[in-house]
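The values are calculated or read from the model by the stated rules, or taken from the named source; none is laboratory data. These numbers were taken from a predicted model, which means no experiment stands behind them. Here the Cβ is made from the backbone with ideal geometry for all residues, glycine too, and neighbour counts use every protein chain on show. Note: accessible area is taken over every heavy atom of the protein model, side chains too, but ligands, DNA and RNA are not part of it. Shrake-Rupley method; radii C 1.70, N 1.55, O 1.52, S 1.80 Å.
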Amino acid sequence: MKIDSKIITYKTWLLALSAYLILVIGLSYLQYSLEKKQLYETIDQELSFAASSVALILPENFHHKGMKKSDLTPEQHLKNTHKLSRLTASTNIAYVYSLFLQEKDIVFTSSSATEDELRSGIGLSPFFSVYNDADPRVYEVFHSKEKIFIEYTDSWGQFRSVFLPQTAKDGTRYVLGADIAVSHIHSLFQKILYQTFFVSLLLLVFFYWLYRLLTKKLTLYADGLNEQVQKKTVELEKTVERLNLAQQASKQGWFDLDLISMKIIVSDQYLKLLGYEADQYEPTLQEWQDNIHPEDKQKVLETLQRCISNNHIEEIEYRRRKKDGSWMWVHSIGQVIEHDHNNKPIRMVGVHADITERQYALQLIKEKEDKYRAMFETAMIGMALNDKDGKLLEVNQAYLDIIGYSKEEAGQLTYWDLTPPSYEDQESIQLELLKTKGRYGPYEKEYIHKDGHLVPVILSGVSISVSNEEPYTWSCVQNITEQKQAEEKLELAASVFVNAKESITITDSDGIILDVNETFESTTGYSREEVIGKNPRILQSGRQSPQFYQDMWQALLKEGYWFGEVWNRRKSGEFYAEMKTVSAVRNKEGNISHYVALCSDITQMKSHQEQLEHIAHYDVLTNLPNRSLLADRLSQAMIRCKRT
């Protein structure tokens, strides 16, 4: 076989070049169209994200019923403008804003501005200023409540914009908007066009070089084709030999059954599978039937009859006795390949494969699967498997306990049926992580229980791909209701500790200070760092006797608390009086683990008390003892006299 090198003519070359040019132009146009479409999708996503961010930046309940121009001062509006402008400054977005429909006019409730507008103050949209040249389609958004993307021109320029209808908590409707300059979009299109043109030019240059190379190589290829055909023939013969070796290595053997005489011809490997040598065994159909396992015999004979009757390929797995009496698992495939003139089957061929080891392996796999299934069902945390649409495919009992549904009911649910709408943005972030990194979380959210209440949970999961199927998501879910309740209690305790107007001191069982609050610092003059690890006796003024403190500790050990007045000394050396309550905190074993002291500075009250006593017993003008003090001293003297 030879190929004439002169078949490549100028006409053939011109035809090939023309076809290639058409192909390049077509592919270039297709690529440009696809990239243009993708660019619009990217721009629209960026617009939607920017518009949605306005609601997060503006104060909570910013839009409400009865909203009016006097609700916001110019300074407050300018502050919102600066916040929104920081959002647009780092993106390609020109403006973001919020709109409100007041009677028949659309008014601005917030808007970003460019750096020039902020610097000059020209072009800013005041709070509740009327959007005079609003596109009529914007009015429709307030009524239809459907998001739209439009390109239009107003006094600020020509833009592609998104308008997102929103509803405030009190039902008030408003619209969030975001603009991107059409000129920016056109510049992106030009960039794509230049890139496409450059790639096309490279392809043309490559084709010319490739064509020149192929024309030189084609003759050599044609000359060597005959030699390769001969080599392939030799390789084919070797392949047949390898096939026989492969059947031997894979424990397979073939059989050929004459359906008229019922004689069977088998390969040597077939006999070896059964433990026989070629001269030791002559297979017959009856011998084959007699050595089928009793539990499998009925279905095997039915499969054989079905294969003969319908002329289709049939296969079956069953057990067959070997020469040594042991049972071998066989995977048998057969088909009728020849019929007589009346279309009656007369010949059948097939392959037997020894799958004993595979069956044992499958049994081990099943045992492991049962073990893992038991672990899955009895796990203490919720586990769920869902498809790409969020449909729950597999859940364990712990997961059912979290959501409150039965297993049958859960099979009709999707992940989104259990997710409150308020988590839409958070879920979008997690889905993007799952798509790009193959895993998401852990993160906290809430599930909607069957009875309607929300269950706080923490989730994490991974993406699982099986063969060429769509990926699945495997999630672990933990109910953190008790943890949340404990956190709320801790937060409340911490808030009380920090914000209490009384001085609070916490010590260990040995009286060593572990923590103090800010009121302690302002009362004593000591900083928290100065007293941590020290004993409260650093505050003692010396005005109480040792017996006073012994009585205090006895009361704490016996009653668990002590209450009374104490004179202490500030860091500056100044004495001060405080009303103190000390309580003992016991652990689960009933032993004292901590002491908590709650103190109120009563120095000023004590000073006022002394002033009142002085006024009651001394004359205001002369500062001499008055009649009340004389009567008090006389009464005390008379009592002493009576005692003596």
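Quickly run through the stretch 419-449 and pick out the residues that are more than 17 Å from TYR472 (Cβ to Cβ), in a helix (DSSP H, G or I) and among the hydrophobic types (A, V, I, L, M, F, W, C). Selection gives ILE429 alone. From the list GLY404, GLY382, GLY411, the one residue that fits, being in contact with a strand residue (DSSP E or B) (Cβ under 9 Å, 6 or more places away or on another chain) and touching a residue at least 60 places away in the same chain (Cβ under 8 Å), is GLY382.
Listed here are the residues, each with its yes/no results for (1) open to solvent by less than 80 Å² (accessible area, probe 1.4 Å); (2) at pLDDT below 80; (3) among the hydrophobic types (A, V, I, L, M, F, W, C); (4) in contact with an Asp or Glu (Cβ under 7 Å, 6 or more places away or on another chain).
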{"position": "LEU220", "(1), (2), (3), (4)": "no, yes, yes, no"}
{"position": "LEU225", "(1), (2), (3), (4)": "yes, yes, yes, no"}
{"position": "GLN230", "(1), (2), (3), (4)": "no, yes, no, no"}
{"position": "GLU241", "(1), (2), (3), (4)": "no, yes, no, no"}
{"position": "ASN244", "(1), (2), (3), (4)": "no, yes, no, no"}
{"position": "ASP279", "(1), (2), (3), (4)": "no, yes, no, no"}
{"position": "HIS293", "(1), (2), (3), (4)": "yes, no, no, no"}
{"position": "LYS297", "(1), (2), (3), (4)": "yes, no, no, no"}
{"position": "GLU302", "(1), (2), (3), (4)": "no, no, no, no"}
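For the stretch 137-168, the tally of residues that are touching a residue at least 40 places away in the same chain (Cβ under 8 Å) and hydroxyl-bearing (Ser, Thr, Tyr) stands at 1. Taking the criterion of being open to solvent by 40 Å² or more (accessible area, probe 1.4 Å) and touching a residue at least 24 places away in the same chain (Cβ under 8 Å), would at least one residue in the stretch 485-500 satisfy it? So far as the stretch 485-500 goes, no, none of its residues is open to solvent by 40 Å² or more (accessible area, probe 1.4 Å) and touching a residue at least 24 places away in the same chain (Cβ under 8 Å). Scanning the stretch 401-421 for residues that are more than 20 Å from the chain's Cα centre (by Cα) and open to solvent by 10 Å² or more (accessible area, probe 1.4 Å) gives ASP401, GLY404, TYR405, SER406, LYS407, GLU408, GLU409, GLY411, GLN412.
Within the stretch 103-136, being open to solvent by 20 Å² or more (accessible area, probe 1.4 Å) and either of a type in the set (Phe, Trp, Tyr) or in contact (Cβ under 8 Å) with a residue 24 or more places away in the chain (or both) holds for ASP105, THR114, GLU115, LEU118, GLY123, LEU124, PRO126, VAL130.
Here is a check on your reading of the model: is ALA486 within 18 Å of GLN397 (Cα to Cα) and at pLDDT below 90? Judged against the criteria, ALA486 is not a match. Residues in the stretch 314-338 that are small (Gly, Ala, Ser), within 18 Å of GLU357 (Cβ to Cβ) and surrounded by fewer than 13 Cβ atoms within 10 Å (Cβ to Cβ): SER326 only.
A search for C-beta distances below 6 Å between a residue of the stretch 524-539 that is farther than 19 Å from HIS594 by Cβ and any residue that is of a type in the set (Asp, Glu), counting only pairs 6+ apart in sequence or on different chains, returns SER527/GLU521.
Against the numbered list (1) assigned to a strand (DSSP E or B); (2) within 25 Å of ILE403 (Cα to Cα); (3) not acidic (Asp, Glu), GLY452 comes up short only at (1).
Residue count for the stretch 429-461 satisfying the condition of being of a type outside the set (D, E, K, R) and within 9 Å of the chain's Cα centre (by Cα): 12.
Of the residues making up the stretch 78-95, those that are farther than 17 Å from ASP116 by Cβ and either over 30 Å from the mean Cα position of the chain (by Cα) or modelled with pLDDT of 90 or more (or both) are LYS79, ASN80.
Here GLN397 fulfils each of the conditions (1) open to solvent by less than 80 Å² (accessible area, probe 1.4 Å); (2) more than 19 Å from the chain's Cα centre (by Cα); (3) in contact (Cβ under 8 Å) with a residue 12 or more places away in the chain apart from (1).
The residue of the stretch 376-392 that is most open to solvent (accessible area, probe 1.4 Å), among those that are outside any loop (DSSP other than H, G, I, E, B) and at pLDDT 85 or above, is LYS391. Screening the stretch 462-472 for residues that are modelled with pLDDT under 90 and in a strand (DSSP E or B) and picking the one that is nearest to ALA384 (Cα to Cα) gives TYR472. Every condition in (1) part of a helix (DSSP H, G or I); (2) exposed (fewer than 12 other Cβ atoms within 10 Å of the Cβ) holds for ARG373 except the one numbered (2). Among the residues of the stretch 24-68, those that are open to solvent by less than 30 Å² (accessible area, probe 1.4 Å) and not in a helix (DSSP H, G or I) comprise LEU58, PHE62, HIS63, MET67.
Conditions (1) among the hydroxyl-bearing types (Ser, Thr, Tyr); (2) outside any loop (DSSP other than H, G, I, E, B); (3) modelled with pLDDT of 90 or more, marked per residue:
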residue: ARG306; (1), (2), (3): no, yes, no
residue: SER309; (1), (2), (3): yes, yes, no
residue: HIS312; (1), (2), (3): no, no, no
residue: ARG319; (1), (2), (3): no, yes, yes
residue: LYS323; (1), (2), (3): no, no, no
residue: ILE337; (1), (2), (3): no, yes, no
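Of the residues that make up the stretch 475-491, is at least one under 30 Å from GLN550 (Cβ atoms) and not aromatic (Phe, Trp, Tyr)? Looking for residues that are under 30 Å from GLN550 (Cβ atoms) and not aromatic (Phe, Trp, Tyr), one finds none in the stretch 475-491, hence no.
For the stretch 140-153, the set of residues classified as open to solvent by less than 70 Å² (accessible area, probe 1.4 Å) and either of a type in the set (Ser, Thr, Tyr) or within 17 Å of THR109 (Cβ to Cβ) (or both) consists of VAL141, PHE142, SER144, TYR152, listed by residue number.
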